[in-house]
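Take a look at the structure set out below.
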């Protein structure tokens, strides 16, 4: 049998039952049993509150972990040299400038990927470009060869 620190059996705790010992020589054994039962019920309420606190803490830690992971990945993408080259190419592309007017900024959530291996790599992004006339999405594909910088392979304005 499994017991907790207060010497209660796990099965009794799960079932919400209280086990009390009644003796024949006690004058107020029934009153004592009721008193012990009420104390037990009060303790069960405290246990429920502490379980709720633990669940809330675990959920909060989980949310914090996923937010940190999510924003960390976005930060890594935006700080990559491939993303910076894509932004540079977008800023200097006549077709993008015609459609957006003046570029006012970029979306917070770029989508895409960067893959490098031994100085050779490929990158692909879809970046929201915020303009004074309208906002557009730009699809870019970049390549990097050994010993060179990232080069644009294709840049396409998506409608």
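Figures for the structure shown
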| quantity | calculated |
| --- | --- |
| Largest-first principal axis extents, alpha carbons of the range 50-159, Å | 62, 41, 18 |
| By average C-beta atoms within 10 angstrom, highest first, the peptides 143-150, 68-75, 82-89, 127-134 | 82-89, 127-134, 143-150, 68-75 |
| Spread of Cα-to-Cα distances over 5 Å intervals beginning at zero, given as percent, for the range 57-112 | 4, 16, 19, 18, 14, 10, 7, 6, 4, 2, 0 |
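Here, each number is a calculation from the coordinates, and none is a lab measurement. As the structure is a prediction and not an experimental result, all values here were calculated from the model. Cβ sites come from the backbone with ideal geometry, for glycine too, and all protein chains shown count toward neighbours.
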